[in-house]
Amino acid sequence: MNEFRNGSQAAGEGRPPAYPQTGVANTCRAFKEYEAMFRLTEADWLAGPVLDVAGGGSSFTAHLRGIGVEAYAADPFYAGVTEQVIAGAEKEIEVSSAKIAAAAGSFDWSFYGSPEQHRKLREESLQRFAEDFRSEGARERYVEAALPNLPFADNAFSLVVCSHFLFLYGDSFDEQFHRAAIDELIRVLKPGGQLRIYPLVTLKWEPIPYLPNLIDRVAEKAEAELIPTGLPFTPTPSSLLRLVKRG
């Protein structure tokens with residue numbers, strides 16, 4: 001367990017300023033961002049069904065449904081009138097893009113290239129999400145739900161991903177919440193199914209001190225490993241966490 005004891009990133013001096021965020025953002029990430037940051041291959045999503053937790057206005061679910069994969073997203077963001085949900089995601093692009101542009105020097109642009117390209121990808125993702133969210137039966141696959149309580153059966157999914165929610169909001173959600181959330185995410189996994197979580201830093205760009213404890217708690221339920229992400233971006237580098245449910 002040394003890799004977890006040591007953390008996936010060092011907490012050195014001179015860390016960039018914290019990201020200015022009130023509440024949980026509902027971001028619009030594209031399929032290729034998910035593919036890169038979670039190091040996913042075709043075999044991972046074709047094993048299906050797939051669940052995106054805290055998906056916001058991302059197009060991951062829409063893309064997978066478009067290629068015939070049974071995919072779902074869960075987020076309290078999906079409550080309310082359809083057009084209001086879409087407008088909320090559009091507003092978040094405006095707000096987050098301004099924040100990121102203002103602190104552009106703090107981020108790793110090796111994947112996106114520039115703040116302008118980052119925003120363009122968000123806008124393209126929103127367009128894909130909105131099209132799917134407006135379609136017939138959308139509320140069957142975009143489920144209003146929040147951790148640590150998901151309305152899905154035990155052993156339902158072969159792949160569950162959670163992007164930029166768990167750990168990132170560590171100042172708002174404590175260790176007890178994360179314990180309950182990870183227990184719930186493992187519950188809905190099929191034996192042999194995998195959970196991938198990224199990033200493993202807070203909005204203050206600090207590592208998670210209780211991550212080793214969380215890993216130890218679920219050791220009998222799931223095998224854990226840290227994997228380098230394919231989408232470096234955060235000011236403090238972060239690995240992704242992969243948990244595979246034991247049979």
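Simple point charges give the picture: +1 on the Cβ of Lys and Arg, -1 on the Cβ of Asp and Glu, and for the chain a dipole about the Cα centre of about 240 debye. For the chain, with the dipole built from +1 on Lys and Arg beta-carbon atoms and -1 on Asp and Glu ones, taken about the Cα centre, which of Ala181, Gly113, Leu243 lies farthest toward the positive end? Result: Leu243, furthest along the dipole toward the positive end. Looking at the chain, the DSSP beta bridges with both ends there are about 45 percent antiparallel. In summary, the helical segments of the chain meeting the span-like criteria, namely a full DSSP H run, a Cα extent along the axis of 24 angstrom or more and a mean Kyte-Doolittle hydropathy of at least 0.0, are 82-102. Measuring nothing but how far apart in sequence close Cα pairs (under 8 Å, 6+ apart) lie, relative to its length, region 62-161 scores a relative contact order of 47 percent. Pull out a ≥ b ≥ c, the square roots of the eigenvalues of the alpha-carbon gyration tensor of region 136-203, then state rounded if a/c is under 1.5, prolate if not and a/b is larger than b/c, and oblate in the remaining case. Prolate, since a/c reaches 1.5 and a/b exceeds b/c.
When only the Cβ of Lys, Arg, Asp and Glu is charged (+1, +1, -1, -1), the dipole of region 31-151 relative to its Cα centre reaches about 180 debye.
Put simply, when 30-37, 185-192 are sorted by average Cβ atoms within 10 angstrom per residue, most first, you get 30-37, 185-192. When both region 185-226 and region 92-151 are represented by their alpha-carbon centers, they are found 23 Å apart. Only helices enter the 222 nm calculation for the chain: every DSSP H run of n ≥ 4 contributes -39,500 (n - 2.57), and dividing by all residues gives -10000 deg cm²/dmol, rounded to 500.
In this rough spin-label picture, where each label sits 7 Å from Cα along the Cβ direction, the Asp174-Asn213 distance is 1.0 nm. Dividing the mean sequence gap of close Cα pairs (under 8 Å, 6+ apart) by how many residues region 26-245 holds gives a relative contact order of 24 percent.
Each value in this text was obtained by applying a stated rule to the coordinates, not by laboratory testing. These numbers were taken from a predicted model, which means no experiment stands behind them. Cβ coordinates were reconstructed from backbone atoms using ideal geometry, including for glycine residues, and neighbour counts include every protein chain displayed.
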